[in-house]
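Below is one structure, written out as structure tokens, with a few remarks after it.
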């Protein structure tokens, strides 16, 4: 049966590279708005359950209609990510939205150093969010203050990293690329983890790429592309218990 998206559904989108989470919400809302709606007019309710940065891909939970009330519940679930840290340099935003601003030595870093460094990030730790983030500071977004060159006082927050695995190490002329998998709690900034991981190796670090492979029981293999959603608006709404 066709899904009544205005009434309420959960759509699992594989967020495209370069899109903001709001871009996905906006596009989905516009597509739903054009569907036949018996007695249901006006702007359909659409939101997401956990922001992904523009340069990240993967699981983005989109909630419509009455399911938007459950967005906070979905957002609170544990997350899993895979990606690549670049060790040997930093950027102002801790990823590649800004160019490299400083280079660091890497000659002293062995593979063993990299595997040992994981240990200090496992369990409950305090993490300082990146200055280029959507966190609000006295009513202003941190990234707005950063872009204006204003000082933003961020406070470290407690997070938990339950699993941290190095899956590959690639050595280049100036950088060491470290592929990883992380399972963590809500509110963990993988960009900050990249920066902190570089510091732990007495070098610099930034996030080169990131994919959210799981949010709670919602998994990447069950997600669909924006093109697939556009072409077939009869996707069965996903239920947490069925994944």
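Tabulated values for the structure
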{"item": "Simple spin-label estimate for residue 217 and residue 72 in nanometres, 7 Å along Cα-Cβ", "result": "2.2 nm"}
{"item": "Label-reachable residues, region 98-133, where backbone N falls under 16 Å from a point 7 Å from residue 172's Cα toward its Cβ", "result": "98-107"}
{"item": "Stretch gain in nm, segment residue 115-residue 202, where the contour uses 0.36 nm per residue and the Cα spacing is subtracted", "result": "29.9 nm"}
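All of the numbers you see were taken from the coordinates with simple rules; none came from a lab. The model shown is predicted, which means the values in this text are computed figures rather than measured ones. Backbone-built Cβ (ideal geometry, glycine too); neighbour counts: all protein chains shown.
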